[in-house]
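In what follows, a structure is listed as structure tokens, so that the remarks can point back to it.
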Amino acid sequence: MSEEPALQLWSVGKSFGVFRKHEVLRGVSIRVERGECYGLAGPNGAGKTTLIRLLLGLAAPDTGEVRLFAMRPDTPDVRARVGFVPEAAELPPAASPRSLVRRFARLRGLREAEQRGMEELDRMGMAELLDRPANKLSKGEKQRTLLALAMLGDPQLLVLDEPTDGLDPLGRALVRRVLREEQARGRTVFLNSHLLSETERICTRVGILHRGQLVREHAVPSTQSTAGSSAVVLSDPPPRDLPGIRAAPSLLGQATESEGSTVLVDHDDVLQLNAALDRLRAAGAQIVEVRRVREDLEASFEAAVSGPGQAPPDPGPQPREPLPPPRDPFRGVRATMRVAQEFAADLAARKVGWFALIIGLLVFGFFLWGLHNDVVKGAAATVRQFGGPGGMADEATMGHWVGRWTGGFVYWALLPGSVIFASMFAPPLLDPRRTILLLAQPVSRGDLASALFLTVNAMVLGEYLFLVALLYAGIRWMGVAVSPLFLCLVAPLSVAFAALYAVALAMTYGVRSGVASGGIAFLIFLVATITQAASVANPEYKVLALEAALLPRLIGLAEQAARLGGGEAPRATPFVLTAAIGAGIFLVALVAARRSEQ
Amino acid sequence: MKRRGRDLRLLALALLLLAIPIAYYLWNSRSVQKRREATLAGVPQFPAPHQAPQRRPFPAGAPAAPKEGKPPPPPPAATKQDPMTSFVLAPGPGAALIQVNALFNTPLFERLRQCLPEQFGAIDKMGRTLGVDLAYDVDRIALSQDGVAMSGFFDGKPVAESMIGPDADREGYRGSTILTKDGHCAAQLGNLVVSSSQEGGDCRALIDRALAPAPAGDELYGDVFMRSDLASFRAATDAPPAFHAIVDGLDGITLRANVWDSVALTLEAAPRSGRSANEIAQMALGAMALVKGQLDEDQVELQTLAEMAKVSTEGGKLEVNLVLPAQDLFDRFQFPCEKRDAGK
């Protein structure tokens, strides 16, 4: 059995649009063997980027099959064998090349690859710029960083989408050199570049894509071969009827540069060429220029895109069923954790946590001030009036009531704001220019959604813990004997938040706007609160109660927050029901994420 | 196809998870409905004039059935002068009336009987000493500052004599015989027995009080009736200031309650001059909201009872309707109950 190709597209078709279908790719079949360098060329709008997205499993074809190393391209494990340099990818703004290598090595689950990444940065000429933030790197420096990142994990296939775009001639030469070295090491290279000369100088085969169809495949002749044709420019018109020599007046400007009469010499080797030149000289011709003539890619390209439409070439036999990915029940968990770390690093770099903390601290500062002035002084006055310890409002009673009231207040004060605020993180993190880099790693869209959910919840839990502990310490400091159970009121807060954030996340995949998804989550918050309050007030109204049952039990959890604040044991029912609702909505978000195409 | 299959499985799991709260709701709503109905079944009607009696039938095999030849129960106050009504409604700082026969046959008292066997044994013993069965023969007990009046199936039974004991001084007064011994007195007029509550009490005054015409109006109703001008409460020195704050705002209070599994209680109070009924009503509403706010979603019984609470201020008077979860309170206060605890 022959070795499976590195990549194969078989009769692939792809359309976009819901009502008016726009066909982007039609019956495209490409087969790239292992170790080969394949170039993709085509005018703007030919479907090259879509083809690369299909190739990497970032989008699913409507028809046909795509295989990477005989596996489905959206299998995270197969992505571990691919290094990808996307066009117009956005690096995390505050991250330096050094930190990016560290983060992407972690993301690939290859901590040992960090050293290799640093060497790659050095090879790309980035040694002096290791600690410069990405937003201060030039376009060429970013491209070189991306190329170094693509080399992490020693990939078997390099997919490069316009890797020399924006590079100066020296940068382009560097990339050419690197790609030739990688090819010499046996790596397969799939290069998409609008610079035909670059493609021709690197690749051995070039596919020309035009209006969604692969209209031509051009084999680039090897520079080592001596067989072919040579153009010879003579100072005077050539002598007639010399064997092996024919006139070729149209080659001036295409293959030759000198003025004069041009003839074409066909030869199998250098000896034949020199013999023909000897015959010309013997016939009295003065040779001005001799140059090898290859089949010109540009001419081929021009002919392909300006010529009449062609039927797609025979796609060949259908690829076999994809190989199943290796069974690893914990792959998803590990990938989620790795992406969560990446998101956390990104959020930390954006300083959103500090921003949230400052807002939270300001709110709590005012709250404590108000609490001290109104509640504590009022409670103290009550104690004095009602007889002090042992009376109606002794220390324990006051602690109970202050804790109970504060628990309820904190719940309602923190929940809506944190839901809206947290919802704003998702769209920037799910920006296609950002996620294309992540999705080129061995992770799936589901891993991304899970990681986002996990990261935001962990961050909000941390904030809740900090603020509740701060508040607890503040109330104790004011001399109110609040129960330590007060600290547990992060539990109802977190469960309610997780359920509401699951709604926001599901919405994010639909509306792609933090404000909109946060607004919808807040709307759910309002509807859940009002419906449940109304259903409690009108127990006979069954429809209302049924509606309330389908929403997170926000009022029930608020009661538990108050109970915990007052030092009473909570009831499990609202926690269990809200957790079930939250988990259900999260699974819907997960499916939305898996089926989304950026 | 595999990807779609996995997505469908995930969606099925999501639906399953979302079905949990629906299933809980369906299961719970049926259970809640039953619990609400059970709770409402145990709530007596709020005290109302001419209210229909709500009594449980005497249990079979329970204490001896009423003996033959007993006289019929006293006629209702509306058809004939009722000495008990006169005794309770006579002018004074306060009085109370308890429909003993009614209370003894409610689930609440059955619960009390289970939980306090020794105390009820002592009551039964006392009844035997008096020659009556307190659960069946005593109809009503009225309490005033000076003494106690008791009506029931006493005709032909020397209840007063049994209370005072032998060798008592005897004195005829308005058709009855007053028995006096060691500063205590008692008298019996057919089915009515009066007794002084303190040493040196005057049974003549008690008889006069019972035989005087009842004041006009029809305000004596409810299984339990209590009226007070609150003077004695105001005089209390060891009560907390909050209690005084409430008592000082009121001129007098009338409490009526019907008892079954729970207690339906009506509180009528007139504000003192300078105080507004609305102000006190707002305080009452605030207290109710506070209590309701503490109820959890699954405390269906308490929620059902809390929904029945009402506050009104008609005619410048404050009227509060409350249903107290008497049985629940026993559990909440860890009221010792041997039978219940043994069953756990």
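A straight line joining the Cα centroids of segment B:134-177 and segment A:1-75 runs 107 Å.
Quick one: how many lysine pairs does segment A:7-218 have with C-alpha atoms less than 27 Å apart and a gap of 8 or more or different chains? Give me the count, please. It would help to have the intermediate numbers written out before the result.
Numbers: A:Lys14/A:Lys48; A:Lys21/A:Lys48; A:Lys48/A:Lys139; A:Lys48/A:Lys142.
Lysine pairs meeting both conditions in segment A:7-218 amount to 4.
Proximity of backbone amide H atoms, modeled 1.01 Å from N, is registered between A:Phe190 and A:Tyr38, A:Leu158, A:Val159, A:Leu160 at under 5 Å, excluding neighbours fewer than 5 places apart on the same chain.
With loop defined by DSSP as not H, G, I, E or B, and exposure as at most 12 other Cβ atoms within 10 Å, which is the longest segment of chain A clear of exposed trypsin sites (Lys or Arg not before Pro)?
Numbers: sites that count: A:Arg20, A:Lys21, A:Arg111, A:Arg185, A:Arg240, A:Arg320, A:Arg327, A:Lys351.
Free of exposed loop sites, the longest segment is A:352-598.
Over 54 Å, how big is the tail of the calculated P(r) for the protein assembly as shown, in percent of all Cα pairs?
46 percent
Per residue of B:19-26, other chain Cβ atoms within 10 Å of the residue Cβ number 6 on average.
Quick one: compute the contact order of segment A:7-218, relative version, from alpha carbon pairs under 8 angstrom and 6+ residues apart, as a percent. Write out the running numbers ahead of the final one.
Values: 408 pairs, mean separation 63.0, N = 212.
Once normalised by length, the contact order is 30 percent.
Look at the stretch A:559-566: the mean tally of other chain Cβ atoms within 10 Å of its residues' Cβ atoms is 2.
Scanning chain A for GluC sites (Glu not before Pro) in DSSP loops with at most 13 other Cβ atoms within 10 Å, what's the longest stretch left with none?
Numbers: sites that count: A:Glu3, A:Glu112, A:Glu257, A:Glu259, A:Glu295, A:Glu540, A:Glu597.
Here the longest run is A:296-539.
Along segment A:333-338 the Karplus relation, 6.51 cos²θ - 1.76 cosθ + 1.60 evaluated at θ = phi - 60°, assigns HN-Hα couplings of 5, 5, 5, 4, 5, 5 Hz to successive residues, with x for each Gly and Pro.
3J(HN,Hα) couplings calculated from phi for segment B:87-94 with the Karplus curve 6.51 cos²θ - 1.76 cosθ + 1.60 (θ = phi - 60°) are, in sequence order, 4, 6, 8, 4, x, x, x, x Hz; Gly and Pro show x.
Between Rg and the Kirkwood Rh of segment B:286-328, both from Cα atoms, what is the Rg to Rh ratio? Intermediate values should be presented prior to the final figure.
Numbers: Rg = 11.8 Å, Rh = 11.4 Å.
Dividing the radius of gyration by the Kirkwood radius yields 1.04.
Please give the charge dipole size of segment A:464-598, origin at the Cα centre, charges +1 on K and R Cβ atoms and -1 on D and E Cβ atoms. Round to the nearest 20 debye. Please list the in-between numbers first.
Details: 8 positive and 5 negative charges, 43 e Å.
The dipole magnitude comes to about 200 debye.
Residues whose amide H lies under 5 Å from that of B:Gly147, counting only those 5 or more places away or on a different chain, are B:Ser197; hydrogens are built 1.01 Å from N in the peptide plane. Converting phi to 3J(HN,Hα) with the Karplus coefficients 6.51, -1.76 and 1.60 and the offset θ = phi - 60°, segment A:488-500 yields 6, 6, 5, 5, x, 4, 5, 5, 5, 4, 4, 5, 5 Hz in sequence order, with x at every glycine or proline.
Working note: 222 nm ellipticity from helices only, DSSP H runs with n ≥ 4, each -39,500 (n - 2.57), summed and divided by the residues of chain A, gives -16500 deg cm²/dmol to the nearest 500. With 32 Å as the cut-off, how large is the P(r) tail for segment A:331-595, expressed as percent of Cα-Cα pairs? Value for segment A:331-595: 30 percent of Cα pairs lie more than 32 Å apart. Between their Cα atoms, which of B:Lys34/B:Lys317; B:Lys34/B:Lys310; B:Lys34/B:Lys292 are more than 31 Å away from each other? The pairs that break the limit, which is 31 Å between Cα atoms, are B:Lys34/B:Lys317.
Dipole orientation for the protein assembly as shown: of the candidates A:Leu470, B:Ala48, B:Gln299, A:Leu470 has the Cα lying most toward the positive pole (charges on Cβ; Lys, Arg +1; Asp, Glu -1). Using only Cα coordinates, the Kirkwood hydrodynamic radius of segment A:7-218 works out to 17.5 Å.
Under a 5 Å amide H cut-off, with hydrogens placed 1.01 Å from N, A:Thr262 pairs with A:Leu234, A:Ala248 among residues at least 5 apart or on other chains. Counting, for every residue in B:294-303, the Cβ atoms of other protein chains within 10 Å of its Cβ and taking the mean gives 4. Evaluated with a Cβ-only charge set (Lys, Arg +1; Asp, Glu -1), the protein assembly as shown carries a dipole of roughly 1960 debye about its Cα centre, given to the nearest 20. Expressed to the nearest 5 percent, the antiparallel share of DSSP beta bridges inside chain A is 65 percent.
Might you report the magnitude of the Cβ-based charge dipole of segment B:83-216 about its Cα centre, with Lys and Arg at +1 and Asp and Glu at -1, to the nearest 20 debye?
260 debye
Read-outs throughout are calculated quantities, based only on the coordinates presented, and are distinct from any laboratory measurement. The structure presented is a predicted model; accordingly, all values stated were derived computationally and were not measured. So basically every Cβ, Gly included, is an ideal-geometry build from the backbone, and we count neighbours across all protein chains shown.
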